[in-house]
Every structure is written in C-alpha cells, then in structure tokens.
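The values are calculated or read from the model by the stated rules, or taken from the named source; none is laboratory data. The structure presented is a predicted model; accordingly, all values stated were derived computationally and were not measured. Cβ sites come from the backbone with ideal geometry, for glycine too, and all protein chains shown count toward neighbours.
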C-alpha cells in the first residue's frame, strides 16, 4: 500500500542474512533507500505501525485540507 502513496525511503528489517547481503544493500542504496536493522522482537511491532499508517495518513490529509480552507483565530 505504501507504493501507491509514495515510495518508501526506509526499509526496516530484521538482522537475517537475506537483508545484510552486499547484493541487497547495493540494490537498496542505488534506489536511495535506507535500511534500518531492527531486533526481531521490535520487528513484530512494525506490522502494527504499518496497519494503521494508511488510516492516519488519510486522516492527516483530510484535517490539513480542512484547516487550509478555514481561518483560525489568533491567540
């Protein structure tokens, strides 16, 4: 789903051999994507963040578009 919103510039991975190979890291850096190695326990939390990202993203877009059309009082 992130591909449809915007391309990712950060990949969070666990520290397995697939994600630390030179071939993978070279391909990722050629696309200007940063790789962040996350401990396996924290890696499970990433899926929870991804689950709510789209909802929060669209909510933020709606709120900011409504704020642009209204004038706020100066306090």
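Condition check for residue 1 on (1) surrounded by 10 or more Cβ atoms within 10 Å (Cβ to Cβ); (2) modelled with pLDDT under 65; (3) touching a helix residue (DSSP H, G or I) at 6+ places or on another chain (Cβ under 8 Å): one failure, at (1).
One residue stands out in region 30-61 among those that are touching a strand residue (DSSP E or B) at 6+ places or on another chain (Cβ under 9 Å) and surrounded by 13 or more Cβ atoms within 10 Å (Cβ to Cβ): the one that is modelled with the lowest pLDDT, namely 43. Within region 4-18, the residues that satisfy the criterion of being surrounded by 11 or more Cβ atoms within 10 Å (Cβ to Cβ), in contact with a helix residue (DSSP H, G or I) (Cβ under 8 Å, 6 or more places away or on another chain) and at pLDDT 65 or above are 8, 11, 12, 13, 14, 15.
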